1. On a 0 to 90 degree scale, rounded to 10, what angle separates helix 34-43 from the longest Cα axis of the chain?
2. List the relative contact order of the stretch 141-222 as a percent without decimals, with contacts defined as Cα pairs under 8 Å and 6+ residues apart.
3. Where does each of 47-54, 198-205, 159-166, 141-148 land if you order them by average Cβ count within 10 Å, highest first?
4. Say we join alpha carbon atoms closer than 10 Å with springs in a Gaussian network model of the chain; which of Ala116, Ala70, Ala24 then has the biggest fluctuation?
5. So which lysines pass the test for Lys205, namely a Cα distance under 26 Å, with those fewer than 8 places away in the same chain ruled out?
6. If the elastic network links every pair of Cα atoms under 10 Å, which of Arg120, Arg152, Arg66 fluctuates the most in the Gaussian network model of the chain?
7. Given R₀ = 22 Å, FRET efficiency for Asp147-Glu207 by Cβ-Cβ distance, to 0.05?
8. Taking Cα atoms, how many degrees apart are the long axis of helix 193-206 and the longest axis of the chain, rounded to 10 and kept between 0 and 90?
Amino acid sequence: MKKVLILEDEVNIRSFVVINLQRAGYTVVEAGTGREALDRLQEQRDIQVAILDIMLPDMDGFEVCRHIRAGNKQMGIIMLTARTQEMDKVTGLMTGADDYVTKPFSPAELTARVDALFRRIGQDTTGNGEVMSQGPFVMNTRNHTLDKNGARIRLTQVEYSIMKLFMRNPGKALSREDILTEVWGKEYDGELKIVDVNIRRLRIKIEDDTANPVYITTVWGFGYKWGA
Ligand code: CA
């Protein structure tokens, strides 16, 4: 059973999301406030993806996201953002989310994003997995972990997927489009900027000096390259 939480205080939008996700085969849990969402997630540990609105009566969606991430790195998180919100502000605040969808959105768009997150969560959970060791980094695809110099680095699903792509392609320049397609899926129709947002976050986690990255380098006008 694939379970999704939708946090949205506007009943009309929430119902619209619920109906469409149910049609797509998901079990949907509803919440109208941040508090309620955190309670539902606490009670129902099998929720794997959370869709969070930002403007809420009790706290903002980013705060809910931070609360979730404090105890759960595996949860897929999608933020619902309004077109009026400046993207820079949104991306700056997107400290732990995997993706965002801009309102107004079509049911097909949101369902595609949720499908993409579930595909990623489903990856690497079966089979023997492999261990990739490069420089100070060791990735174990069975356990879904990344260590640097023996210390565990906590990654979100998306960050992990990007790292796996990098470590499978050492020294190769990957275009932002390649990264988007590989990590978010072919059906993804969001902006390329989501790649940069996640790379910025990854650098904070894995580089010694974020201002002078040596592991994930920028290939100007093209994309990024991994070298460890
Ligand atoms: Ca709202």
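Just so you know, all these numbers are worked out from the coordinates, no wet-lab data involved. Note that the structure is predicted; figures quoted are calculated from it, not measured. Every residue, glycine among them, receives a Cβ derived from its backbone with ideal geometry; neighbour counts consider all protein chains shown.
1. It works out to around 70 degrees.
2. On the way: 45 pairs, mean separation 20.6, N = 82.
Over the stretch 141-222, the number comes to 25 percent.
3. Per-residue Cβ counts within 10 Å, averaged per peptide and sorted highest first, yield 47-54, 159-166, 198-205, 141-148.
4. The residue that fluctuates most here is Ala70.
5. Lys73, Lys89, Lys148, Lys164, Lys172, Lys193, Lys225
6. Result: Arg152 has the largest fluctuation of those listed.
7. 0.90
8. 60
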